[in-house]
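Q: Sharing a structure, written as structure tokens. Questions coming.
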Amino acid sequence: MPTLPRSRWSHHVPVALLAVLLALCPTGARATPPPPVGACAATEWPWNCLAQCESSGDWHINTGNGYYGGLQFWQATWAEHGGLAYAPRADLATRAQQIKVAERVLATQGWKAWPVCSKRYKLFGRVHFVKAGDTLASIARRYRVKGGWKALHRANAEVIGRDPDRIRTGLMLVLPSAKSASARGAVLTPLR
């Protein structure tokens, strides 16, 4: 069988092709990465790992730097996201209460609320934690997901599976952006 002549650029073609394909692939709607191996990911992924990174895992830390609790809430953020219903400051709240507030922060600010630690664990974009009574349709309406529940299902097919009616409470779903179901970086405000 004859072989094609190799040019001096032949070895670059696969790399260039891969770069083009990666650029064209939708990235904003990828499912969150699997939890890392280790003690912090054993329960409550990703919160234990973020707390380990932010505060060495001390959920009641107050170092006097203006940030409080395991997830290092700024006081204004704690108040704006309902934390005062639990305690005057995050370090005075339980771990579960801090996580509830963190989920609200995540819905409005995304992972950029924890820029260094979210990068460490490859967390990006905006997510929603499934609560009892949630459906893909109700979540898609709440966050104005273009393409509705089908786009939300496509963006999370790896974690949901084939049946969109079988989402579990506590499941972390990536929210596609408002522009399209596959654009990078969702910047949406949930409906109240």
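Q: Taking Ala151 and the conditions (1) in contact (Cβ under 8 Å) with a residue 12 or more places away in the chain; (2) within 23 Å of Gly66 (Cα to Cα), which numbered condition does it fall short on, given that it satisfies the others?
A: The failed condition is (2).
Q: Restricting to segment 68-89, what's the tally of residues that are touching a helix residue (DSSP H, G or I) at 6+ places or on another chain (Cβ under 8 Å) and within 18 Å of Pro115 (Cβ to Cβ)?
A: So the count comes out to 9.
Q: Still on this structure, I have one more. Out of (1) β-branched (Val, Ile, Thr); (2) open to solvent by 40 Å² or more (accessible area, probe 1.4 Å); (3) touching a residue at least 60 places away in the same chain (Cβ under 8 Å), what's the single condition that is false for Val127?
A: Just one mismatch for Val127, condition (2).
Q: Restricting to segment 74-124, what's the tally of residues that are open to solvent by 50 Å² or more (accessible area, probe 1.4 Å) and among the acidic types (Asp, Glu)?
A: 1
Q: When you check Gly70 against the structure, is it small (Gly, Ala, Ser), in a loop (DSSP other than H, G, I, E, B), open to solvent by less than 80 Å² (accessible area, probe 1.4 Å) and at pLDDT 95 or above, yes or no?
A: Working: small (Gly, Ala, Ser): yes; in a loop (DSSP other than H, G, I, E, B): yes; open to solvent by less than 80 Å² (accessible area, probe 1.4 Å): yes; at pLDDT 95 or above: yes.
Spelling it out, Gly70 is indeed small (Gly, Ala, Ser), in a loop (DSSP other than H, G, I, E, B), open to solvent by less than 80 Å² (accessible area, probe 1.4 Å) and at pLDDT 95 or above.
Q: Let me ask something else. Give the residue that is least open to solvent (accessible area, probe 1.4 Å), with candidates limited to residues of segment 135-168 that are within 30 Å of Gln52 (Cβ to Cβ) and touching a Ser or Thr at 6+ places or on another chain (Cβ under 8 Å).
A: In this case the residue turns out to be Ala155.
The values are calculated or read from the model by the stated rules, or taken from the named source; none is laboratory data. Treat the numbers as computed from the prediction; the structure is a model and nothing was measured. Don't worry about glycine lacking a Cβ; one is built from the backbone with ideal geometry, like all the others, and counts go over all protein chains shown. Each accessible area value is taken on the protein alone, full model and side chains, heavy atoms only, with ligands, DNA and RNA left out. Shrake-Rupley method; radii C 1.70, N 1.55, O 1.52, S 1.80 Å.
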